[in-house]
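Below is one structure; the comments refer to it alone.
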Amino acid sequence: MLKSLFNWKVLLNLVIAIGIFVGLVWLTFRWLEYHTNHGQEIPVPNVVNKSVHDAVKILDDTGLEYEVDSANYDPKYRPFQVLQVYPAPGSHVKDGRTVRLRVNPRTWAPIVVPDVINKYSGLAFQRLDQVGLKIGDTIYEPSIQKDALLRILYKGNAVNPGTRLPRFSMIDVVVGSGPMRNISIPNVVGLSVKEARAVITKSMFEVGLVEYEDGGKDESDIIYYQDPAAGDVRDQGMQIDLWASKRTPAELRAKVEQLNSIYRMKVDTSLPPVHYEEVRTEPSYEPPVIPAPVPKKETPQPAAVKTETPKAPAVTSKPVSSGVEKPKASTGSNPASGNAHKPASATTKEAAEKPKAKKVVVE
């Protein structure tokens, strides 16, 4: 067994096999060095703070590939300025290695307009400000949705939710100011249902119940009756009920009269009209009634010392012819009874000749 192992033929074959294996390994490594450019490395150039156009030109000259990645916009740097390079500048890489550039974009990244239509204006304004949109003019428009945001305008055009706009863009908003009062209802009798809907919506009303005569829902049917009637005055947002049919309103006169008896107030014109006449009455003047004076009650005064001057004796001239004196009326008798016996001429004469007594009050 050992003699056959150490035979020169076996040893020769073994040496040849080992030589072939070593040669294959050497050739493999040489091919890898040539294919991968082993030992041939290129330093990464420093292109930080350069513009992206200059950085790309430098990388092309050095034989390196590049990828440009836009970062969030930073107003402290110039637009398209290179902010970062990976691998770091100065490191050695193979020829053809991809270098990633982080570049400052030209402006802010666009943002998505949030869905704030028909929302309360206070909350809508807050949401628009959070995403980075600036509110310019606030336009108020009559609508039944008071204080609700109706539309968003960007450069005069309406913007739908989900549209992308540049960050910090100036937008205008349309807000509902509440319903309008006393608006005349349009006449839609004779129009199709589709046309009637457009007219009612344009007049700031809403379509209520639509009753089709045949039970279908054909928008081409003709309106032959409406409630409220055309010309009536209603507030904005009120509903208008419609009756539609394939036939014309003239063919449905009996149906219209039936609906009038239900939805219209009937006015009796057989009675004569009532005339109103203005009656003028002259004001009568009545003299004011003056109340009788109420006697004032005198308050008692403190007793005062009174000095009375003696009365001067009354000198009366007696007629010579009569020697009989007339009796004097006693003080205790009624003055009316005394005057009845005394002549009027004598009484007036005594009153004229008799002086009045004067009282002196000493306080």
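Structure notes:
- Burial order of peptide ranges 241-247, 109-115 (average beta-carbon count within 10 Å, highest first): 241-247, 109-115
- Given 146/246; 119/202; 76/134; 50/155; 119/194; 217/255, the pairs whose alpha carbons are separated by over 27 Å: 146/246; 50/155; 119/194
- Per-residue SASA entry for residue 98, accessible area with 1.4 Å probe, Å² rounded to 10: 60
- Electrostatic tally near residue 103: other residues with Cβ closer than 12 Å to its Cβ, Lys and Arg +1, Asp and Glu -1, net +1.
- Residues with amide H under 5 Å from that of residue 238, placed H, sequence gap 5 or more: 206
- Amide hydrogen neighbours beyond the local backbone of residue 95, cut-off 5 Å, H modeled: 42
- Model label sites at residue 189 and residue 232, defined 7 Å from Cα along the beta-carbon direction, differ in position by 1.3 nm.
- Rg ratio for segment 41-104: its Cα radius of gyration over 2.2 N^0.38 Å, N being its residue count, equals 1.05.
- Residues 41, 219, ordered by accessible area of protein heavy atoms at a 1.4 angstrom probe radius and largest first, appear as 41, 219.
- Segment residue 180..residue 199, full-extension length gain: 5.1 nm, with 0.36 nm per residue of separation and the alpha-carbon distance subtracted.
- For residue 123, the accessible area of its heavy atoms, probed at 1.4 Å with every protein chain present, is near 120 square angstrom.
- Theoretical FRET efficiency, 1/(1+(r/R0)^6), r = Cβ-Cβ of residue 56 and residue 76, R0 25 Å, to 0.05: 0.65
- For segment 193-199, putting each phi into the Karplus relation 6.51 cos²θ - 1.76 cosθ + 1.60 with θ = phi - 60° gives couplings of 4, 5, 5, 5, 4, 5, 5 Hz, in residue order, rounded to whole numbers and with x for Gly and Pro.
- Each residue, residue 91 and residue 28, gets one label point 7 Å from its Cα in the Cβ direction; the gap between the two is 3.0 nm.
- For the pair residue 262 and residue 151, label points projected 7 Å from Cα toward Cβ lie 3.8 nm apart.
- Local electrostatic count, residue 81, Cβ distance below 14 Å [Lys/Arg +1, Asp/Glu -1]: +2
The values are calculated or read from the model by the stated rules, or taken from the named source; none is laboratory data. Predicted, not measured: the structure shown is a model, and the values here were computed from it. Because the Cβ atoms are built from the backbone with ideal geometry, glycine has one as well, and the counts that use them run over all protein chains shown. We work out accessible area using only protein heavy atoms, side chains counted, and drop any ligands, DNA or RNA first. Shrake-Rupley method; radii C 1.70, N 1.55, O 1.52, S 1.80 Å.
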